[in-house]
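I have placed the structure first, in the form of structure tokens, so that the comments after it can refer back to it.
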Amino acid sequence: MSDPHDPDRPEPVKPEPDRPEPSPGRPLARLFSLQLLAVLGITVVLTAAFALIKGGDDDSTTTALDTPATTASASATPSGSSPPPATTTAPSTTAPPSTTAPPATTPPPSPSATPSTPSADPNRPEVVVFNQSAPDGSGQAAAKRLRDQGWTVFKVDDFRGNVSMTTVYYPSGLEKDARRAARALPGDVRTREKFSNLSDTRLTLILTDDYGG
């Protein structure tokens, strides 16, 4: 029978006591806690940075608003430098605008300057003007010529007859007046003693197609 205390005999291995297995929820809870702490830390850092940036902006804005304009201008001028000399501008002497005289207007001609029709000679007999075949308007033109020469025209009318050429007819005793009236008209105007149905006291001018105007 062998000795239980034999040193050369190996000792029997004692079985290890059973350890409880770790719960699967613990690592997840630790991981969640670490993530939450990281998020909180980032939030704190961002909040602090935002507060610093906002505080800097408010200060600069407040300073710009509260700074008087005189201080800004004073700070712009370096200390110890003399202010720029004041420039004196001599008053400009402006010549007064020249007054242009209105253009001279020519006065209308006075009535005395207008050529006047000579007054009719009372010693001359009146003249009757008939237009037999002269162009239209010849009767009035001949009457105007006679008036311009101082003759009195009794009337202007048409005449129906067979006079061969322009003629001044005269009653007895007025031959010289007839020749004078014929010379006042253009062209070669003949003179003849009147025939029966013409005036006994006036000269009678009968115009035909040979009248020269």
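The values are calculated or read from the model by the stated rules, or taken from the named source; none is laboratory data. If you're wondering where the values come from, they're calculated on a predicted model, not measured in any experiment. Every residue, glycine as well, gets a Cβ built from its backbone with ideal geometry; the counts of neighbours run over all protein chains shown. Heads up: the accessible areas ignore ligands, DNA and RNA and are worked out on the full protein's heavy atoms, side chains in. Shrake-Rupley method; radii C 1.70, N 1.55, O 1.52, S 1.80 Å.
Key figures for this structure:
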item: Strands (runs of 3 or more DSSP E) wholly inside segment 119-209 containing at least 3 residues that are of a type outside the set (Ser, Thr, Tyr); result: 127-131, 153-158, 190-193, 203-207
item: Filtered residues of segment 157-193 (kept if of a type in the set (Lys, Arg) and more than 16 Å from ASN131 (Cα to Cα)); result: LYS176, ARG179, ARG180, ARG183, ARG192
item: Selection count where residues are modelled with pLDDT of 95 or more, over 14 Å from LEU198 (Cβ atoms) and open to solvent by 20 Å² or more (accessible area, probe 1.4 Å), scope segment 125-148; result: 7
